[in-house]
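Visitor: One structure, pasted below without further comment.
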Amino acid sequence: MVNVILQRTYEILEGTTNDKLAKGFQIFIISLIAVNVLFVIIETEESVLDEYGYLFTPFEIFSVLVFTAEYAGRLIVCKLNPKYQNKKFALLRFVFTPMMLIDLAAILPFFLPFVVADMRFIRIIRLLRLFRLFKLARYSEPMQTLGEVFKAKAGDLAVAFFILFIVLIFASSLMYYAEHEAQPQIFSSIPASMWWGVITLTTIGYGDVYPVTILGKVIGAGVAILGIAVYAIPTGIMASAFTEELRKRKERSNNTCPHCGKDLPPN
């Protein structure tokens, strides 16, 4: 009986079944996460907080109870996961998986104020409640797709952003030497010039920092054009990766039974 309950709990928590109870649980958790994030945003409005703040605490307690029960349930049934069956330190490995760390970060903000008295630290901790948004990755297929894309292209993206970092240093250095004498307070150092570099490479151009010398303007124009090309690299990587991942998911769905989730026999 106990094994049946544990197996059923595992199926519901991990979404390995598509019955009404599992789908209902997923919809409930997704809705709870969405409302939690909405409350975190709304409570920053003092007028709303003063009038409806009495509703926030009971809802926060209810949410933490649900998320804590979910977290504990996953710990209890983790050994039913094929990845951790008959593995040494299976529970410890499971606890330190990215999604379990996100689940822990989602409930910690409620408990830490009981042991930490520093109000500034508590305010920072409360921001961790936004991590509940990342819990959607368990139940949202688009977020799962995004995670798979980042995982598959992590190396390529690292190379692209390394190139971007090199270009940023080079552009900021050139601008520092071109503009330092004309604007010593604004371009006081290469690190200070990096703000201009980031804004120009991303083609945002706030206009708070800009070159005034002819050489600085020439460098700025070149960096702005170069920024379009540099940022196109990770964009192209992500676009191609998304296309590939969606193709793979479509192939898997065509080879999977929509009712039981098991692989269909080959034709």
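The values are calculated or read from the model by the stated rules, or taken from the named source; none is laboratory data. This is a predicted model, so every value here is computed, not measured. All Cβ positions, even for glycine, are placed from backbone atoms using ideal geometry, and neighbour counts span all protein chains on display.
Visitor: Collect the residues in region 162-190 that are among the polar types (S, T, N, Q) and in a helix (DSSP H, G or I), keeping them in residue-number order.
Guide: 172, 173
Visitor: In region 218-267, what residues are of a type in the set (Val, Ile, Thr) and modelled with pLDDT of 75 or more?
Guide: 218, 219, 223, 225, 228, 230, 233, 235, 237, 243
Visitor: Is one or more of the residues making up region 125-142 exposed (fewer than 15 other Cβ atoms within 10 Å of the Cβ), modelled with pLDDT of 80 or more and of a type in the set (D, E, K, R)?
Guide: Within region 125-142, not a single residue is exposed (fewer than 15 other Cβ atoms within 10 Å of the Cβ), modelled with pLDDT of 80 or more and of a type in the set (D, E, K, R).
Visitor: May I pose another question? Can you name the residue in region 97-114 that is surrounded by 13 or more Cβ atoms within 10 Å (Cβ to Cβ) and either outside any helix (DSSP H, G or I) or not aliphatic (A, V, I, L, M) (or both) and, of all such residues, is farthest from the chain's Cα centre (by Cα)?
Guide: Out of the qualifying residues, it is 113.
Visitor: Still on this structure, please answer the following. Among the residues of region 78-91, is any of a type in the set (S, T, N, Q) and closer than 17 Å to residue 136 by Cβ?
Guide: No, every residue in region 78-91 fails to be of a type in the set (S, T, N, Q) and closer than 17 Å to residue 136 by Cβ.
Visitor: Okay, moving on. On the basis of being touching a Pro at 6+ places or on another chain (Cβ under 9 Å), more than 24 Å from residue 228 (Cβ to Cβ) and of a type in the set (A, V, I, L, M), does residue 182 make the cut?
Guide: yes
Visitor: Can you say whether residue 94 is surrounded by 15 or more Cβ atoms within 10 Å (Cβ to Cβ), modelled with pLDDT of 75 or more and hydrophobic (A, V, I, L, M, F, W, C), as far as the supplied structure shows?
Guide: yes
Visitor: Scan region 184-209 residue by residue and report those that are within 14 Å of residue 171 (Cβ to Cβ) and aromatic (Phe, Trp, Tyr).
Guide: Within region 184-209, 187, 195, 196 qualify.
Visitor: Same structure, new question: For residues in region 1-58 being in a helix (DSSP H, G or I) and small (Gly, Ala, Ser), which is nearest to residue 128 (Cα to Cα)?
Guide: Step by step, filter region 1-58, then rank; the result is 34.
Visitor: When you look at residue 128, is it in the same structural domain as residue 202 (by TED's automatic domain parsing) and assigned to a helix (DSSP H, G or I), yes or no?
Guide: For residue 128, the condition - in the same structural domain as residue 202 (by TED's automatic domain parsing) and assigned to a helix (DSSP H, G or I) - is not met.
Visitor: Looking only at region 64-92, how many residues end up being in contact with a helix residue (DSSP H, G or I) (Cβ under 8 Å, 6 or more places away or on another chain), outside any helix (DSSP H, G or I) and farther than 19 Å from residue 26 by Cβ?
Guide: The qualifying residues number 3.
Visitor: Which of the residues spanning region 13-34 are under 24 Å from the mean Cα position of the chain (by Cα) and surrounded by 13 or more Cβ atoms within 10 Å (Cβ to Cβ)?
Guide: 13, 14, 15, 16, 23, 25, 26, 29, 30, 32, 33, 34
Visitor: Filter region 67-90 down to the residues that are touching a residue at least 12 places away in the same chain (Cβ under 8 Å), of a type in the set (A, V, I, L, M) and surrounded by fewer than 16 Cβ atoms within 10 Å (Cβ to Cβ) and list them by number.
Guide: 75, 76, 90 - these are the residues of region 67-90 that are touching a residue at least 12 places away in the same chain (Cβ under 8 Å), of a type in the set (A, V, I, L, M) and surrounded by fewer than 16 Cβ atoms within 10 Å (Cβ to Cβ).
Visitor: Quick one: what pairs do we get from region 28-49, first residue in contact (Cβ under 8 Å) with a residue 12 or more places away in the chain, second basic (Lys, Arg) and part of a helix (DSSP H, G or I), C-beta under 7 Å, 6+ apart or different chains?
Guide: Close Cβ pairs satisfying both conditions: 33/132; 33/135; 36/129; 36/132; 37/132; 40/129.
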